[in-house]
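Asks: Let me give you the structure first, and then I'll get to my questions.
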Amino acid sequence: MNDRLPHEKGFHVSWDQIHRDSRALAWRLDKRGPGEGGEWRGIVAITRGGMAPAMIIARELDVRTVDTISVKSYDWQKQASEATVLKAPDPKLMGDGTGILVIDDLVDSGKTLEVVRKMYPKAHFATVYAKPHGREMVDTYITEVSQDTWIFFPWDMALQYVRPFRGD
Ligand SMILES: O=P(O)(O)OC[C@H]1O[C@H](OP(=O)(O)OP(=O)(O)O)[C@H](O)[C@@H]1O
Ligand code: HPA
Ligand SMILES: [Mg+2]
């Protein structure tokens with residue numbers, strides 16, 4: 001496995017940071033649904049990266065109906081030519097997406113969200129992080145990073161020893 005950065009910069013996100021940023025996203029989405037009192041009918045996580053933020057948001061907003069859509073668009077840091085849907089959520093829950101919050105960890109090129117948006121045009125799309133190329137695909141996000149930044153999530157990292165600056 002190649003663990004060098006093909007991107008200019010790395011943005012390393014801790015568990016604490018993703019928890020705080022996902023909470024901030026939940027609070028921004030609170031009472032913004034089309035239901036009575038701005039309620040959301042359900043939350044759909046885009047697997048796998050969207051599952052951790054979706055769980056935190058479902059807890060904050062007290063949404064108990066949670067489903068998943070499985071989309072694969074990257075193999076390690078290499079983007080496949082097309083995003084493919086491996087598993088769709090319950091069609092009875094989804095309809096055209098009205099009242100459904102679709103959550104992902106980030107939008108990069110926007111290819112993943114483009115595929116899901118076509119399936120559920122009335123859903124609300126939210127990500128924790130966004131890069132400029134995909135920004136238009138997302139309705140609500142918390143933090144933007146530059147296109148040449150690779151975001152490293154805590155589930156892809158481990159604590160490691162580093163040599164002191166003046167070490168030999
Ligand atoms: O905007 P895009 O260019 O489509 O990229 C964003 C998507 O890529 C990553 O998922 P990935 O396909 O790597 O799968 P994973 O969530 O299972 O790691 C990330 O979690 C987003 O879902
Ligand atoms: O910056 C990123 N980090 C992690 N996964 C990703 N999938 C697309 N872009 C990214
Ligand atoms: Mg993903």
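The values are calculated or read from the model by the stated rules, or taken from the named source; none is laboratory data. The structure displayed is predicted, hence computed values, not measured ones. We place every Cβ from the backbone using ideal geometry, glycine too, and count neighbours over all the protein chains shown.
Asks: Can you confirm whether Glu136 is acidic (Asp, Glu) and touching a helix residue (DSSP H, G or I) at 6+ places or on another chain (Cβ under 8 Å)?
Replies: When the stated conditions are applied, Glu136 does not pass them.
Asks: Inside the range 128-146, can you point out the residues that are more than 8 Å from ligand 1 (Cβ to nearest atom) and within 22 Å of Arg32 (Cβ to Cβ)?
Replies: Val128, Tyr129, Ala130, Arg135, Glu136, Val138, Asp139, Thr140, Tyr141, Ile142, Thr143, Glu144
Asks: Are there any strands (runs of 3 or more DSSP E) wholly within the range 55-168 with 1 or more residues that are free of Cβ contacts under 8 Å to residues at least 12 places away in the same chain, and if so which?
Replies: Fully inside the range 55-168 and qualifying: 66-75, 78-87.
Asks: Moving on. All but one of (1) under 24 Å from Val13 (Cβ atoms); (2) away from ligand 2 (no atom under 13 Å from the Cβ); (3) at pLDDT below 95 hold for Lys111; which doesn't?
Replies: (2)
Asks: Anything in the range 114-129 that is within 16 Å of ligand 2 (Cβ to nearest atom) and over 20 Å from Lys72 (Cβ atoms)? List them, or say none.
Replies: none
Asks: Would you check which residues across the range 99-120 are surrounded by fewer than 21 Cβ atoms within 10 Å (Cβ to Cβ) and either more than 24 Å from Trp27 (Cα to Cα) or of a type in the set (A, V, I, L, M) (or both) and list them?
Replies: Within the range 99-120, Ser109, Lys111, Glu114, Val115, Lys118, Met119 qualify.
Asks: Tell me which residues, restricted to the range 83-98, are buried (at least 18 other Cβ atoms within 10 Å of the Cβ) and at pLDDT 95 or above.
Replies: Within the range 83-98, Pro89, Met94, Gly97 meet the criteria.
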